[in-house]
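J.: To start, I am sharing the structure in question, which I have written as structure tokens.
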Amino acid sequence: PARGGGGSRARTAKLNELREAITAELDTPGGDALFSAALSGILLVVEDDPILKNLLGHTFAGKYQTLYASDGNEALALFEANKPSLVLLDLMLPTMDGFAVLETIRKRTDALKDVPVIVVSNLGQEKDKERAKTLGATEYLVKAEVSVEEIVGKIEGMLATLPEAAPVAPAAPETSVA
């Protein structure tokens, strides 16, 4: 008899499939072409699942400057301190959920309120998608329905549309030219 239903087994199978796809892509000549866009962007990944965080870590290694947060409070602290170009945000997090993180980011009064946020969640119901979009999610992806390549494609597409100044850096002191 299956323990905990088939969900855990299906999730493990999906993660193994993603691992194999990444390994195959990176082991082929020119495999890094998948990750060629916007290599200098700072990416904040907010994910509490250690398996998925490890998978994303291997995927983004050497491709993006990547910061990882395991809960909402840590995410907001890293967001404030590092001013990322893009956020990948899970919704089901300890201490503060992803909805609250998204709402806090969008309520800012500076330019960082417009940083693209891609929600990557197991919550696939329309009401969850609508809530995230209403709060300002740039994109909403359901984990079970996307591959790592699709996530990377979304990241590359969004980073490519940002101004040349990406990643967002702290403002330099103003100097006047007389």
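J.: Measuring from centroid to centroid over Cα atoms, what is the spacing of segment 79-106 and segment 120-161 in Å?
T.: Taking the Cα centre of each part, segment 79-106 and segment 120-161 sit 13 Å apart.
J.: Moving on to the next point. How far apart, in nanometres, would the label points at residue 134 and residue 82 be if each is projected 7 angstrom from Cα along the Cα-to-Cβ direction?
T.: 3.1 nm
J.: If R0 is 25 Å, what FRET efficiency do you get for residue 65 and residue 161 from their C-beta distance, rounded to 0.05?
T.: Rounded to the nearest 0.05, the efficiency is 0.85.
J.: Right, something else. Quick one: what do you get for segment 104-163 if you divide its Cα Rg by 2.2 N^0.38 Å? Don't skip to the answer; put the middle values down first.
T.: Numbers: Rg = 12.4 Å, N = 60, 2.2 N^0.38 = 10.4 Å.
Compared with the compact-globule rule of thumb, segment 104-163 sits at 1.19.
J.: Using a simple spin-label model with points 7 Å from Cα along the Cα→Cβ vector, what separation in nm is obtained for residue 150 and residue 111?
T.: Result for the modelled spin labels: 3.3 nm.
A short reminder: the numbers here are calculations on the coordinates, not readings from a lab. This is a predicted model, so every value here is computed, not measured. Ideal geometry is used to build each Cβ from the backbone, glycine not excepted, and the neighbour counts take in all protein chains shown.
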